[in-house]
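Below is one structure, written out as structure tokens; the observations come after it.
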Amino acid sequence: MAAGRGRRVTTVLLILLVFLGGLLVAADRVAAYAAAQKLASQAQQEMANRGITTPDKPTATIGGFPFLTQVVRGRYDRVTIHAQQLHTDQGVTVDTLDVTATGINATTSALMNGQGNITADNVTGTARVGWATVTSLIKTSGTGMKSVTVTALPDGQLQMTTPVTVLGLSTTAVATGTVVVDGSVVHVKINTVRAQGGDVPPGLSSIIGSLRTALSVDVAIPPLPYKLKIQSVQSTVEGLAVTAYATNVPLATRS
């Protein structure tokens, strides 16, 4: 009889522990979600302070579990921020930006109420600049190329096409090249130039050859938020994939 009563008490205690554990997990996730929403609003404000606007509020996620223990120590494992259609005050659009911040320091009031500073030890960003934007940047880079179209080849090379007309002779020049980054400038190095279709009218052969220099242009990537410095650029089907990095970054600053 006593043994049976003891088993029932143990069972009830186990159920209570599971229930309380579930409540704690739920409370932890709710707090993490609320903090992430606040952080997303702060990220949007920080971008606006740097002349960058977005049609929709960025999304943010705070990694690490449990969240509440991170709140107690004021240091968070990881924060990820995603934003789309970032418009700079220079009239340039960055299609997407994904930011991962690690080693985040923030007081509870800074994270939950926006009162105080939030800093990250390291921030890595990946931005995608679509080919339409790249084409626009090339057209305004001072090269005089007003009808150029830019795409990517399956092997990662960049392809540029532009119409050419000299003395009544017309064709379309097709150039292929690579991209190299130097600071915030992407150098487009043209390796080959040919006429579309392969046949070059005799009067245009010298013009086609000279386009190698004319199409080797510099494309200035607009400033990215969070003091991100460009490390590498790759050509993809969607556009230029830009990888950037920064240290000791203020994610939000409030007094």
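The values are calculated or read from the model by the stated rules, or taken from the named source; none is laboratory data. Every value quoted in this text rests on a predicted model; they were computed, and no experiment measured them. When we count neighbours, we look across all protein chains shown, and the Cβ atoms used for this are built from the backbone with ideal geometry, even at glycine. The accessibility values were calculated without ligands, DNA or RNA, using every heavy atom of the protein model including side chains. Shrake-Rupley method; radii C 1.70, N 1.55, O 1.52, S 1.80 Å.
A few remarks follow.
- Residues that are surrounded by fewer than 20 Cβ atoms within 10 Å (Cβ to Cβ), under 30 Å from residue 158 (Cβ atoms) and either modelled with pLDDT under 70 or among the β-branched types (Val, Ile, Thr) (or both) within the range 108-132 comprise 124, 126, listed in sequence order.
- Within the set 154, 223, the sole residue that is part of a loop (DSSP other than H, G, I, E, B), modelled with pLDDT of 85 or more and open to solvent by 40 Å² or more (accessible area, probe 1.4 Å) turns out to be 154.
- Residue pairs meeting the criteria (Cβ under 9 Å; at least 6 apart or on separate chains; first under 12 Å from residue 229 (Cα atoms), in the range 116-128; second among the basic types (Lys, Arg) and surrounded by fewer than 17 Cβ atoms within 10 Å (Cβ to Cβ)): 123/227
- Condition check for residue 78: in a strand (DSSP E or B), closer than 14 Å to residue 39 by Cβ and out of contact with any Pro (no Cβ under 9 Å at 6 or more places or on another chain): yes
- Criterion applied to 42, 85 was being open to solvent by 60 Å² or more (accessible area, probe 1.4 Å), of a type outside the set (Gly, Ala, Ser) and outside any loop (DSSP other than H, G, I, E, B), and the one residue passing it is 85.
- Positions within the range 57-73 being farther than 20 Å from residue 46 by Cβ and either in a loop (DSSP other than H, G, I, E, B) or in contact with a Ser or Thr (Cβ under 9 Å, 6 or more places away or on another chain) (or both), in sequence order: 64, 65, 66, 71, 72
For every residue, the table says whether it meets (1) buried (at least 21 other Cβ atoms within 10 Å of the Cβ); (2) under 30 Å from residue 140 (Cβ atoms); (3) at pLDDT 90 or above; (4) β-branched (Val, Ile, Thr).
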residue	(1), (2), (3), (4)
63	no, no, no, no
74	no, no, no, no
81	yes, yes, yes, yes
90	no, yes, no, no
97	yes, yes, yes, no
